[in-house]
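A quick write-up on the structure given underneath.
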Amino acid sequence: MRRHVMVGSIQLALLALAAPAVAQSSPSAPQQLDTVQVTGSRIARAQVEGPAPVTVITAEQIASAGLVSVPDVLRSLSQNSGSVQGQQNTTGAQSTPGAQAVDLRGLGPNHTLVLINGRRIADFPLPLNGRSNFTDIGNIPLGMIERIEVLTGSASAVYGSDAMAGVINFILKKSTDGLTVDYRYGDTHEGGGDSHRLTLTGGFEKDNFSGIVGVELQDKSPLWGYERDVQDSTADAPTARRRLPRLVAQRLNWEDDTNVAPSGDCSAMAGLNGGTTVLTEDRYGEPLCGSERAIAYRTIENERRGATAYGAFEYRFNEDLAWFADLQLGHQKVKLLTGTNGNDVASDHMGWEFHDPASRNNNSAKVFYNQATDNREIWSRQFSPEEVGGLENRMNTTTQKTFSITTGLQGRLGENWDWEAAYNHSQYKADVDMPRIRAAAANEYFLGPLLGYTSSGYAIYNPDPAKLFSPVSPADFATFGVMSTFKPKADNDNLNLTFSNSALFTLPAGDVGFAGTVEYGQQSYAINPDPLALTEDAYYGPRYGDGSGERDRWSAAGELRLPLLDSLQASVAGRYDRYSYGDQDPGKFTYSLGLEWRPLDSLLVRSSYGTGFRAPDMHYLFAGEDYYRTRYATDYYACRSDEPGFSDGECYDDGSWDVSTFDVYSGNQNLDVETSKSFSAGFVFSPLAGLDLSVDYYRIKISNQVQVQDRELLRSTEADCRLGVTDDGASVDITSPTCVDALARVIRDADGEITSVLFAPINIANEETSGLDVSASYRFSTATAGNFHLNGSYTWARQHERQLYPGDAYEDMLDVSFSATTLPSNKGNLGLSWDKDAFGASLFGNYLGRVANYDNDAWTDSTWRFNASARYDINSHLRVALSVNNLFNKMPPKDATWANYPYYDTSWFSSVGRSYYLQVTWKLGGAAL
């Protein structure tokens, strides 16, 4: 098989651009990893690592730790400290259904470059939260991974844009002998979410032609909220207000802000939501029909079914020339169901509220005139599983179709020149079915025909209230409960020529290595939305925006590895990239430097420095206008004016100053590129055979970082600016850049009420993080008890802060009072494994340091989660293994302030609980397992 050519970081050994790594298998015969030969763990890490730390996770380590998906593996990394959407995240799961991201150093998913076999892949074709692009790691086949290499820190000098927080390179299997059949069954202790995975991998070699082919089939059932005691009811909420039953049907008299009691005390609806719908009260003591159980009709984990095929092939014409090709093809269907929090029906695809943009007065498109009562009213309705024909009919369904191919030639010229010419194409297409409520049809069903408009602009109806408080048949629901289909697509094409020379010339201390590359790339995306989703009145709930665009990229890069002394080596790399889109042609030169000093064979002292840049996301540039209807938007200025001394949190919780807004998001083609500086310094020490210790300090600073403005923060900031003081008494300058911007974006009508917030991606002034990475590994063998391996890693974020505008104060993103999601200062893992003859066992623990509670006024305690596994080799070609994840069945920590469903932070926790996985691996032919 061909040698893998990874255009590695300058911090890695330059020889053929291969990243040196330490094999993590048990001590055995020498093993070839790329161009560096290592022997189990008996070669000291200090002898093979470069000037910047690289974490290598092998397939054996993944299996030993009981990690069952690529997102699980990356969540276990101590350096992966960012807050990313969980599968229960309402907004994220709706906007990018089924996709999952990684966030190194907490700098954002779009600042981590994800590669497969060293090649870029297409982004997920829908933007994260409707805003920024990112790479979906959820559909990478775990069973085909040979190892994962993680480089943290700016690596733009080698990889170009996106590699600001680091690079994650998934190396898929390149060779195998015989046919390996691997089947895994999984289930949960609390019930629900069972899964099946079958992986078939086989290799061949005939004369000069060789290859490997693999297929992975996956079938995973969804896990539902009602299947977990901690979130199966509103009674699980920590606050009295949120413990009230979820709204099922409500009739509000707009004139005096009181509910009209349903006739029959909701008895007609008693059979809905599993017989839990009753007459109850809202937070103001007003009557409505509600259900404690209706809140839990959503998924904790997605349903996923599909197949992924992979092939890697090589044909050697002679010793100096070979053709190669890698091919990946995936087809996955992912289904999930999300909802809104509390009693809020806004944006809920299982809810309806009268909606007519033409019926608008005082920003109240949801208010109509009831001819029978001579009142203005609001009618609201949630639909039960019995009414929609089963929850399956309202699940968001995404059919993911991925394809990538890399092909080219590689060879050698003369004694020292290696080269590779390659073309890579990657495509991600999806058919996304989003459940929606067709507004006009639902209005007519519940209210009857539209009779016109009043002189003040309200729609006129003469409805029958019994319709609102009666069950809807599945047939009737189908007349207004529809699917809105999007067909997004993203493409990434690259041509590159790479050449290297391990002995370009010779210095007194040794040969100088060189590598260079020239590249051309093209990137494009198109959301291709349902046209009706772009209109203001077709569907009830949020409008989904459009966006499409393409850009070209040219780049050239070079690297040198210089032996200065026998014990001292230097590395230097430089790269220039230029992008072209619209009338913009941003370009950037980046460089990196590295030093490696080995005063002893067992000690490496290292340091690296690099600059980085990032071109703006495609959707940041090309997004069309996207509208967000917010029913409960707190007017902090009105609240704090009426109630001096109230904090923003008190204004938010009180709810008396909530307004409905129609917010507008749009792209910005005038965005500047982001730039970064990255520094690391540390050492690797191997004092004993089998014992390795590394400690590295890191610091990354990003300037002009692109972020989307926070609407809640804009409204809060606007209040500070108008009042001249924050809610905790600090003075505010209304002429500051922050105030000028906030006052222009929060739009008020002639009566002083907020009607809209205009928000967009902008370049912020600065974001910086620094800290320590510590890792240790110790292997030892005994004559009678077998072989043991203890390993662990720990990351301490000493600092993580941002400055939104030049001149503004820095915000501490690690502090409990940080206005957005607080990042953990500490994260780590610890593993212990043992094997003897046919038996093996392991224990793996993940540690998450404290994170802020919902109110950002206290800490949630740090947590540990443990996985345990055991294996038995029935013979040399047949293995059975059992894994237990979340061994002690730990549920999310209690947070008395997390009042929104599911009552805990889904960025860090889930309620899946203990899970069991039984795996059988059978190898037909070839060497032993």
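One table, with the values for the structure above:
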| item | result |
| --- | --- |
| Counted residues, the stretch 901-929 - those being charged (D, E, K, R) and either in contact with a Pro (Cβ under 6 Å, 6 or more places away or on another chain) or in a strand (DSSP E or B) (or both) | 1 |
| The listed residue being surrounded by fewer than 17 Cβ atoms within 10 Å (Cβ to Cβ) and either of a type in the set (Asp, Glu) or farther than 22 Å from Ala240 by Cα (or both), out of Ala820, Ala896 | Ala820 |
| Test: residue in the stretch 713-725 that is of a type in the set (Val, Ile, Thr) and either free of Cβ contacts under 8 Å to residues at least 60 places away in the same chain or in contact with a Gly (Cβ under 9 Å, 6 or more places away or on another chain) (or both) | yes |
| Unique residue being surrounded by fewer than 21 Cβ atoms within 10 Å (Cβ to Cβ) and out of contact with any Gly (no Cβ under 7 Å at 6 or more places or on another chain) when the list is Pro616, Pro563, Pro586 | Pro586 |
| Any hit, the stretch 203-216, residues being in a strand (DSSP E or B) and within 30 Å of Ala296 (Cβ to Cβ) | no |
| Helices (runs of 4 or more DSSP H) enclosed by the stretch 58-168 - at least 1 residues per element that are under 14 Å from the mean Cα position of the chain (by Cα) | 70-75, 90-95 |
| Residue that is nearest to Ser716 (Cα to Cα) [pool: residues in the stretch 804-824 that are in contact (Cβ under 8 Å) with a residue 40 or more places away in the chain and within 20 Å of the chain's Cα centre (by Cα)] | Ala820 |
| Pairs, first surrounded by 21 or more Cβ atoms within 10 Å (Cβ to Cβ) in the stretch 746-763, second part of a loop (DSSP other than H, G, I, E, B) and among the aliphatic types (A, V, I, L, M), C-beta under 8 Å, six or more apart | Pro761/Leu671 |
| Qualifying residue in the stretch 723-734 (condition: over 28 Å from the mean Cα position of the chain (by Cα) and buried (at least 20 other Cβ atoms within 10 Å of the Cβ)) | no |
| Filter result for Asp464 (loosely packed, with under 15 Cβ neighbours inside 10 Å and not polar (S, T, N, Q)) | yes |
| Conditions (1) under 17 Å from Asp162 (Cβ atoms); (2) touching a residue at least 24 places away in the same chain (Cβ under 8 Å); (3) not basic (Lys, Arg); number of the one not met by Gly587 | (2) |
| Set Ala557, Ala570, Ala538: member being small (Gly, Ala, Ser), surrounded by fewer than 22 Cβ atoms within 10 Å (Cβ to Cβ), over 29 Å from the mean Cα position of the chain (by Cα) and over 30 Å from Ala441 (Cα atoms) | Ala570 |
| When residues of the stretch 782-809 are limited to those that are hydroxyl-bearing (Ser, Thr, Tyr) and under 18 Å from Arg105 (Cα atoms), the one surrounded by the most Cβ atoms within 10 Å (Cβ to Cβ) | Thr795 |
| Selected residue (only one of Asn129, Asn110 is surrounded by fewer than 23 Cβ atoms within 10 Å (Cβ to Cβ), closer than 18 Å to Asp710 by Cβ and at pLDDT below 90) | Asn129 |
| Residues located in the stretch 93-106, provided they are hydrophobic (A, V, I, L, M, F, W, C) and in contact with a His (Cβ under 9 Å, 6 or more places away or on another chain) | Leu104 |
| Residue match in the stretch 322-338 (condition: crowded, with 17+ Cβ neighbours inside 10 Å and more than 30 Å from Thr199 (Cα to Cα)) | yes |
| Enumeration of residues in the stretch 744-794 that are more than 21 Å from Asp672 (Cβ to Cβ) and charged (D, E, K, R) | Arg748, Asp749, Asp751, Glu753, Asp773, Arg779 |
| Residues (within 29 Å of the chain's Cα centre (by Cα) and not polar (S, T, N, Q)) located in the stretch 590-617 | Tyr591, Tyr609, Gly610, Gly612, Phe613, Arg614, Ala615, Pro616, Asp617 |
| Residue in the stretch 308-318 that is within 34 Å of the chain's Cα centre (by Cα) and within 30 Å of Gly225 (Cα to Cα) present | yes |
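Each row is one residue, and each column tells you yes or no for (1) aliphatic (A, V, I, L, M); (2) closer than 28 Å to Leu115 by Cβ; (3) in the same structural domain as Gly118 (by TED's automatic domain parsing).
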residue: Phe499; (1), (2), (3): no, yes, yes
residue: Ala509; (1), (2), (3): yes, no, yes
residue: Phe514; (1), (2), (3): no, yes, yes
residue: Ala533; (1), (2), (3): yes, no, no
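Conditions tested, residue by residue: (1) free of Cβ contacts under 8 Å to residues at least 24 places away in the same chain; (2) more than 17 Å from Ile62 (Cα to Cα); (3) in contact with a strand residue (DSSP E or B) (Cβ under 7 Å, 6 or more places away or on another chain).
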residue: Leu843; (1), (2), (3): no, no, yes
residue: Arg850; (1), (2), (3): no, yes, yes
residue: Tyr854; (1), (2), (3): no, yes, no
residue: Trp859; (1), (2), (3): no, yes, yes
residue: Thr863; (1), (2), (3): no, yes, yes
residue: Ser869; (1), (2), (3): no, no, yes
residue: Val880; (1), (2), (3): no, no, yes
residue: Asn886; (1), (2), (3): no, no, yes
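The values are calculated or read from the model by the stated rules, or taken from the named source; none is laboratory data. Note that the structure is predicted; figures quoted are calculated from it, not measured. Using ideal geometry, Cβ is built from the backbone for each residue, glycine included, and neighbour counts are taken over all protein chains shown.
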